[in-house]
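Take a look at the structure below.
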Amino acid sequence: MTLSVRIRHALPGLTLDAAFEAPQGVTALFGRSGAGKTTLVNAVAGLLRPDAGRVAVDDWVLFDTARGLWLPPHRRRLGYVFQEGRLFPHMTVRKNLSYGARFAPVAPNRRETDHVVEMLGIGHLLDRRPGALSGGEKQRVAVGRALLSAPRLLLMDEPLAALDEPRKAEILPYLERLRDETDLPVLYVSHSVTEIARLATTVVVLDSGRVTRAGPAAEVLSDPTAVPSFGPREAGALVPGRIAAHHPDGLTEVEISGGRLLIPRESAAPGTSLRVRIEAKDVMLSLARPEGISALNILPATVTAVTPGTGPGVAVQLRIGTDLILARITRRSAERLGIGPGLACFAVVKSVAVAKGDVGGAG
Amino acid sequence: MTGWLGPEEWQAVALSLRVSFWATVASLPLGILVALALARWSFPGKQIVNGIVHLPLILPPVVTGYLLLLTFGTQGPVGGFLEDRLGLVFAFRWTGAALAAAVMAFPLMVRAIRLAIEAVDPKLEQAAATLGAGRIRVFATVTLPLILPGIIAGAILAFAKAMGEFGATITFVSNIPGQTQTLPSAIYAFLQVPGGETAALRLAGVSVAIAMGALLASEILARRVAKRVSGI
């Protein structure tokens with residue numbers, strides 16, 4: 001299933017004019033506050049009637065100004081997970097979860113319900129009321145409630161933004177399971193590059209109401225021209241990998257196309273696919289293979305592009321094996337080392353973050 | 001039971017209870033609808049509707065009663081129509097007393113319900129819509145349970161107001177014992193005759209007791225429902 005969206009809508013101070021497609025998997029709609037993300041998702045859900053456009057899931061049209069067609073939200077069958085949960089305060093968790101089922105053409109059966117409850121780890125909360133839940137528990141129930149309305153598509157509007165870091169870390173694995181265990185397309189709105197790097201298979205970058213970049217997550221995240229959108233401190237590439245071995249000194253060896261990376265111990269078994277996030281600020285460049293250095297991960301690389309930023313830094317795109325990563329260095333270093341496309345060098349990777357699952361489009 | 005209240009006094013109390021009960025119950029659906037319209041909908045003439053609803057609060061009750069007599073009296077346009085078509089007579093009947101009480105209590109009822117509706121987060125209703133509920137189902141499953149405390153408060157307030165309504169009632173349907181002589185009308189009548197003070201005092205006591213009972217009941221109910229709705 002693919003969601004195609006084309007929407008034009010004038011708001012005070014912002015004109016939204018965006019078109020994109022969200023295929024199977026998680027499509028992250030990324031943008032800074034005020035870029036028009038929520039407006040866009042509300043238009044898809046039918047909570048807002050845009051000036052013009054068309055929204056369709058495959059050939060099922062939800063909205064089309066050209067044909068004068070507009071389905072009200074309750075007939076769109078899109079599960080919507082809001083930033084603030086929006087659980088019904090007067091119902092128990094169980095009632096909240098089953099709310100959508102009575103309107104669904106085919107209600108989820110007992111086994112499917114149990115599976116969703118188990119997947120989200122909310123079995124012990126069923127008889128409680130929302131007022132007695134923590135923020136993270138509320139969001140997990142909200143995800144379950146949306147899933148159990150038998151939707152054709154899941155919309156998530158910054159579902160983690162209202163939570164603190166530990167709560168985010170608590171929910172992210174559930175969302176990864178959701179991505180990997182259902183074949184529901186998910187439109188995931190976020191302004192957090194970290195979340196996107198962990199969850200997204202496709203990334204759509206929205207800037208001042210326009211789509212500035214769209215494509216497979218690994219491709220968009222390793223694009224040096226997209227660095228200003230993500231911010232120089234957060235930009236970083238995604239690389240698909242596979243656990244090769246666990247070492248007795250607590251390190252795990254991950255095989256990527258351009259070599260091997262040593263990372264802190266991962267619990268998954270050897271052979272497991274994962275995605276490795278290498279942030280641009282954690283990559284140093286060296287013309288010769290460095291000796292006597294504490295960093296363990298030194299990979300041969302070829303410069304493919306150099307994009308100056310607005311400040312004193314430049315974004316350097318490197319090819320490592322068949323993957324692309326980014327390095328952020330100062331303009332002065334780039335000039336001193338003579339860094340330009342085609343140059344062979346070594347990338348010194350200071351730290352690596354790991355997320356489970358395959359990278360969209362590259363895995 | 002009639003030991004300390006005379007038959008005429010009992011009659012007035014019973015009539016008042018009946019009039020107030022029906023005034024409240026019959027106007028409640030309209031009250032909810034009007035409160036909903038004023039709180040949520042935008043339509044031309046909204047301020048005029050708002051004004052008309054609140055008019056009985058500001059007008060002298062005698063004027064409201066007189067206007068009711070002009071409209072719903074047997075010679076009135078609406079009254080004549082209802083009598084011909086439905087056999088429904090308001091003038092000088094207990095039904096008329098109920099109508100007068102309902103009109104006078106309506107602004108209080110609408111106000112309480114409207115405040116409750118305005119306190120409901122429309123985002124919850126949006127969430128219900130995205131889960132597949134149409135407008136009526138959203139109202140029945142989300143909005144209505146959440147505004148229940150406001151509805152109860154509004155109904156009890158209206159009931160108490162109806163129990164005490166005097167001016168519009170006596171103007172519209174007069175003061176006929178057993179037919180339109182409500183509790184306040186009876187107190188008024190007793191005070192007009194020599195030696196009626198003790199009966200008036202007893203009825204005043206009944207009034208106070210009913211009013212206090214209504215207020216307490218509303219408090220208890222509202223607290224119970226608020227606890228349920230707050231989600232704990």
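The values are calculated or read from the model by the stated rules, or taken from the named source; none is laboratory data. From a predicted model like this one, the values you see are computed outputs, not experimental measurements. Cβ placement follows ideal geometry from the backbone for every residue including glycine, while neighbour counts extend to all protein chains displayed.
Taking only segment A:94-123 into account, find how many residues are surrounded by fewer than 19 Cβ atoms within 10 Å (Cβ to Cβ), more than 13 Å from every other protein chain (Cβ to nearest Cβ) and outside any helix (DSSP H, G or I).
2
Yes or no: A:Val205 at pLDDT 90 or above and under 30 Å from A:Thr113 (Cα atoms)?
On the way: at pLDDT 90 or above: yes; under 30 Å from A:Thr113 (Cα atoms): no.
No; evaluated as a whole, the condition is false for this residue.
For (1) more than 15 Å from the chain's Cα centre (by Cα); (2) over 19 Å from B:Leu183 (Cβ atoms), each residue gets a yes or a no:
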| position | (1), (2) |
| --- | --- |
| B:Phe21 | no, no |
| B:Gly31 | no, yes |
| B:Asn50 | yes, yes |
| B:Pro60 | yes, yes |
| B:Gly80 | yes, yes |
| B:Gly87 | yes, yes |
| B:Phe90 | yes, yes |
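When you scan segment B:29-39, do you find a residue that is free of Cβ contacts under 8 Å to residues at least 24 places away in the same chain and not aliphatic (A, V, I, L, M), even just one?
Checked segment B:29-39: at least one residue is free of Cβ contacts under 8 Å to residues at least 24 places away in the same chain and not aliphatic (A, V, I, L, M).
Would you confirm whether or not segment A:162-183 contains a residue that is more than 14 Å from every other protein chain (Cβ to nearest Cβ), modelled with pLDDT of 90 or more and surrounded by fewer than 22 Cβ atoms within 10 Å (Cβ to Cβ)?
Going residue by residue through segment A:162-183, those that are more than 14 Å from every other protein chain (Cβ to nearest Cβ) are A:163-183.
Adding the requirement that they be modelled with pLDDT of 90 or more leaves none.
No, segment A:162-183 has no match at all.
Those residues that are within 18 Å of A:Ala280 (Cα to Cα), under 23 Å from the mean Cα position of the chain (by Cα) and either surrounded by fewer than 20 Cβ atoms within 10 Å (Cβ to Cβ) or polar (S, T, N, Q) (or both), I need them from segment A:230-268; list them, please.
Result: A:Gly231, A:Pro232, A:Arg233, A:Glu234.
Here are B:Ile117, B:Ile156, B:Ile147: which of them is more than 30 Å from B:Gly76 (Cβ to Cβ), within 12 Å of the chain's Cα centre (by Cα) and in contact (Cβ under 8 Å) with a residue 24 or more places away in the chain?
Working: B:Ile117 fails: within 12 Å of the chain's Cα centre (by Cα); B:Ile147 fails: within 12 Å of the chain's Cα centre (by Cα).
So the residue among B:Ile117, B:Ile156, B:Ile147 that is more than 30 Å from B:Gly76 (Cβ to Cβ), within 12 Å of the chain's Cα centre (by Cα) and in contact (Cβ under 8 Å) with a residue 24 or more places away in the chain is B:Ile156.
A quick yes/no check of all residues on (1) exposed (fewer than 14 other Cβ atoms within 10 Å of the Cβ); (2) touching a helix residue (DSSP H, G or I) at 6+ places or on another chain (Cβ under 8 Å):
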| position | (1), (2) |
| --- | --- |
| B:Gly45 | yes, no |
| B:Pro60 | yes, yes |
| B:Pro77 | yes, yes |
| B:Leu82 | no, yes |
| B:Ala97 | no, yes |
| B:Arg111 | no, yes |
| B:Glu125 | no, yes |
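Could you list all residues from segment A:277-297 that are surrounded by fewer than 17 Cβ atoms within 10 Å (Cβ to Cβ) and either at negative phi or touching a helix residue (DSSP H, G or I) at 6+ places or on another chain (Cβ under 6 Å) (or both)?
Within segment A:277-297, the first condition is being surrounded by fewer than 17 Cβ atoms within 10 Å (Cβ to Cβ), and the residues that meet it are A:286-296.
Across segment A:277-297, the qualifying residues are A:Ser286, A:Leu287, A:Ala288, A:Arg289, A:Pro290, A:Glu291, A:Ile293, A:Ser294, A:Ala295, A:Leu296.
Please work out which residue is farthest from the chain's Cα centre (by Cα), limiting yourself to segment A:67-93 and to residues that are in a strand (DSSP E or B) and more than 9 Å from chain B (Cβ to nearest Cβ). Give the steps one after another, and end with the answer.
First, pick out the residues of segment A:67-93 that are in a strand (DSSP E or B): A:69-70, A:78-81.
Adding the requirement that they be more than 9 Å from chain B (Cβ to nearest Cβ) leaves A:69-70, A:81.
Values: A:Leu69: 31, A:Trp70: 29, A:Val81: 15 Å.
Among those residues, the one meeting the criterion is A:Leu69.
Out of segment B:6-30, which residues are in contact with a Phe, Trp or Tyr (Cβ under 9 Å, 6 or more places away or on another chain) and more than 16 Å from B:Glu165 (Cβ to Cβ)?
Of everything in segment B:6-30, those that are in contact with a Phe, Trp or Tyr (Cβ under 9 Å, 6 or more places away or on another chain) and more than 16 Å from B:Glu165 (Cβ to Cβ) turn out to be B:Glu8, B:Glu9, B:Leu30.
Residues checked against (1) free of Cβ contacts under 8 Å to residues at least 60 places away in the same chain; (2) among the small types (Gly, Ala, Ser); (3) in the same structural domain as A:Met119 (by TED's automatic domain parsing):
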| position | (1), (2), (3) |
| --- | --- |
| A:Leu178 | yes, no, yes |
| A:Glu181 | no, no, yes |
| A:Val227 | no, no, no |
| A:Phe230 | no, no, no |
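Check A:Leu274 against each of (1) surrounded by fewer than 17 Cβ atoms within 10 Å (Cβ to Cβ); (2) at pLDDT below 90 and name the one condition it does not meet.
Every condition holds for A:Leu274 apart from (1).
Among the residues of segment A:47-66, are any touching a residue at least 60 places away in the same chain (Cβ under 8 Å), at the interface with another protein chain (Cβ under 9 Å from one of its Cβ atoms) and crowded, with 17+ Cβ neighbours inside 10 Å?
Taking segment A:47-66 first, the residues touching a residue at least 60 places away in the same chain (Cβ under 8 Å) are A:57, A:60.
Next, from what is left, pick out any that are at the interface with another protein chain (Cβ under 9 Å from one of its Cβ atoms): none.
Within segment A:47-66, none of the residues are touching a residue at least 60 places away in the same chain (Cβ under 8 Å), at the interface with another protein chain (Cβ under 9 Å from one of its Cβ atoms) and crowded, with 17+ Cβ neighbours inside 10 Å.
Please work out which one of (1) farther than 18 Å from A:Ala101 by Cα; (2) in contact with a strand residue (DSSP E or B) (Cβ under 6 Å, 6 or more places away or on another chain) is the condition A:Val81 fails and give its number.
(1) is the only condition that A:Val81 fails.
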